[in-house]
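Down below is the structure, laid out as structure tokens.
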Amino acid sequence: MEVETREVETRSVGMREDRRTPAPRIAVIITCWNYERFVGRAIRSVQGQSCAECDLVVVDDGSTDGSWDAIRETGATAFRIANGGQRAACLFGLDQTSAPFVLFLDADDELKPGALAAILPHLDAGVAKVQFQLARIDENGERVGAAFPPLSAGRDRDHLVQRVLRTGVYTTPPTSGNVFRRDVCELLREADYDRAADGVILFAAPFLGDVVSLPEELALYRVHAANDSGLGKPLDPGLLRRDLVRFARRMEHLRQVVARSDVTVPLVQAQEAYFHRERSFYLALATGNRLDRGQFPALIGSLWREYYPAKIKAVMTLFFALAAVLPPSLAVRLLGYRLQPGRRSPLGFLKALMN
């Protein structure tokens, strides 16, 4: 792998230049691909934490815009490598630090002041992951909607293991809302089917240790036109197909992780999980295809096996029923509104149908 490094002394968040300071307890790894506009803010949000127990590693994943210049302006320890995708860049960054816990911060996101100080007291050898809430912001930094995901304070393992075995998922923020123990991050080396980093490690964590949930907004999650997730964009059949393939491959990898644990209950098959059936439903409507016989009842059945409150399940059942009977063009509008960030309401759904 071609690597260009800055000739700077290794430092962490501008605080660990003195070799007599303790080894880092946590590393923040920022990987960047063509986020010239945002990466400087991401880096400075970490440098401003003034955390003597933290490493900061920045990896430019072969950007073709001005990202590398923006990174160098911050003075952070940085590396420029040939483009290989987020997962490869995260693994390269992991190899540059010995910290036992890692936060992969997306280059378009930011940590809020005091975030690392709030996280550090929860890190111990029995913790596989710490997760916290994110505040959505737009490309200009303006807030969009409420904090997400809904989290209750606590430390859990067994309940989350059961949720993953039954549904394949549990409530978790995306990449920037998590701190992983180093051995959990090592699972990325096995995930050669995926270019992203926020896949199998999110859902494998409970099988390797406790998950600590903090109902605090500790980072900013930016929603903009270049988001890889497709959040806030019109319904895209290509992204839906990608998500379905990625989910199936991630589940097979997760099945291997479960097999290496002391858990004897089988993991749900990917095609039977609510996520897969929901995305398959969206794809059928987005492409104008008729639903297969049994597809709708199977979707509703998997929905009611989820761990959502009954009120949410009832509302979603009505939503899916409406989407199933509407003409395709209106159904796509309805689904597009459903996938938008921020608060949603019955009036909003009506407006989406009328526009």
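Return the residues of region 146-162 that are surrounded by 12 or more Cβ atoms within 10 Å (Cβ to Cβ) and either among the hydrophobic types (A, V, I, L, M, F, W, C) or under 18 Å from the mean Cα position of the chain (by Cα) (or both); say none if nothing qualifies.
So the first thing to find is which residues in region 146-162 are surrounded by 12 or more Cβ atoms within 10 Å (Cβ to Cβ), and the list is 146-149, 151, 154-157, 159-162.
The answer is 146, 147, 148, 149, 151, 160, 161.
Could you tell me whether any residue of region 301-321 is part of a loop (DSSP other than H, G, I, E, B), under 26 Å from the mean Cα position of the chain (by Cα), at negative phi and aromatic (Phe, Trp, Tyr)? I'd like the intermediate steps shown before the answer.
Taking region 301-321 first, the residues part of a loop (DSSP other than H, G, I, E, B) are 305-309.
Next, from what is left, pick out any that are under 26 Å from the mean Cα position of the chain (by Cα): 305-309.
Imposing the further condition that a residue be at negative phi reduces the set to 305-309.
Next, from what is left, pick out any that are aromatic (Phe, Trp, Tyr): 307-308.
Within region 301-321 (the criterion being part of a loop (DSSP other than H, G, I, E, B), under 26 Å from the mean Cα position of the chain (by Cα), at negative phi and aromatic (Phe, Trp, Tyr)), the answer is yes, since at least one residue qualifies.
Listed here are the residues, each with its yes/no results for (1) modelled with pLDDT of 95 or more; (2) open to solvent by 10 Å² or more (accessible area, probe 1.4 Å); (3) touching a strand residue (DSSP E or B) at 6+ places or on another chain (Cβ under 7 Å).
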site: 3; (1), (2), (3): no, yes, yes
site: 83; (1), (2), (3): yes, yes, yes
site: 110; (1), (2), (3): yes, yes, yes
site: 117; (1), (2), (3): yes, yes, no
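So that you can scan it fast, the table gives a plain yes or no per residue for (1) among the hydroxyl-bearing types (Ser, Thr, Tyr); (2) on the phi > 0 side of the Ramachandran plot:
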{"position": "48", "(1), (2)": "no, no"}
{"position": "63", "(1), (2)": "yes, no"}
{"position": "66", "(1), (2)": "no, no"}
{"position": "70", "(1), (2)": "no, no"}
{"position": "75", "(1), (2)": "no, yes"}
{"position": "79", "(1), (2)": "no, no"}
{"position": "84", "(1), (2)": "no, no"}
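Please indicate, with yes or no, whether at least one residue in region 143-164 is outside any strand (DSSP E or B), of a type in the set (Lys, Arg) and touching a residue at least 40 places away in the same chain (Cβ under 8 Å). Steps first, answer last, please.
Applying the first criterion (outside any strand (DSSP E or B)) to region 143-164 yields 144-147, 149-153, 157-164.
In the following step, the residues that additionally are of a type in the set (Lys, Arg) were identified as 157, 163.
Applying the additional criterion that residues be touching a residue at least 40 places away in the same chain (Cβ under 8 Å) yields 157, 163.
Yes.
A count restricted to region 52-78 and to residues that are open to solvent by less than 30 Å² (accessible area, probe 1.4 Å) and either within 17 Å of residue 41 (Cβ to Cβ) or touching a Phe, Trp or Tyr at 6+ places or on another chain (Cβ under 8 Å) (or both) stands at 17.
Which residue out of 259, 248 is open to solvent by less than 60 Å² (accessible area, probe 1.4 Å) and either under 19 Å from residue 187 (Cα atoms) or touching a Cys at 6+ places or on another chain (Cβ under 7 Å) (or both)?
Values: 259 fails: open to solvent by less than 60 Å² (accessible area, probe 1.4 Å).
Just a single option satisfies the conditions, and that option is 248.
Considering 190, 217, the condition of being in contact with a strand residue (DSSP E or B) (Cβ under 6 Å, 6 or more places away or on another chain) and either surrounded by fewer than 22 Cβ atoms within 10 Å (Cβ to Cβ) or at pLDDT below 95 (or both) is satisfied by 217 alone.
Cβ-Cβ distances below 7 Å connect the following pairs, each with a first residue in region 252-280 that is farther than 24 Å from residue 316 by Cβ, a second residue that is open to solvent by 60 Å² or more (accessible area, probe 1.4 Å), and a separation of six or more residues or different chains: 253/190. Looking at 231, 240, just one residue is modelled with pLDDT under 95, among the hydrophobic types (A, V, I, L, M, F, W, C), touching a Lys or Arg at 6+ places or on another chain (Cβ under 7 Å) and surrounded by 14 or more Cβ atoms within 10 Å (Cβ to Cβ), and that residue is 240.
The values are calculated or read from the model by the stated rules, or taken from the named source; none is laboratory data. Just so we're clear, the structure is a prediction, and the values are computed from it rather than from any experiment. Note: ideal-geometry Cβ built from the backbone for every residue, glycine included; neighbour counts use all protein chains shown. The protein model used for the area step is the full one, side chains on, heavy atoms only, and it has no ligands, DNA or RNA in it. Shrake-Rupley method; radii C 1.70, N 1.55, O 1.52, S 1.80 Å.
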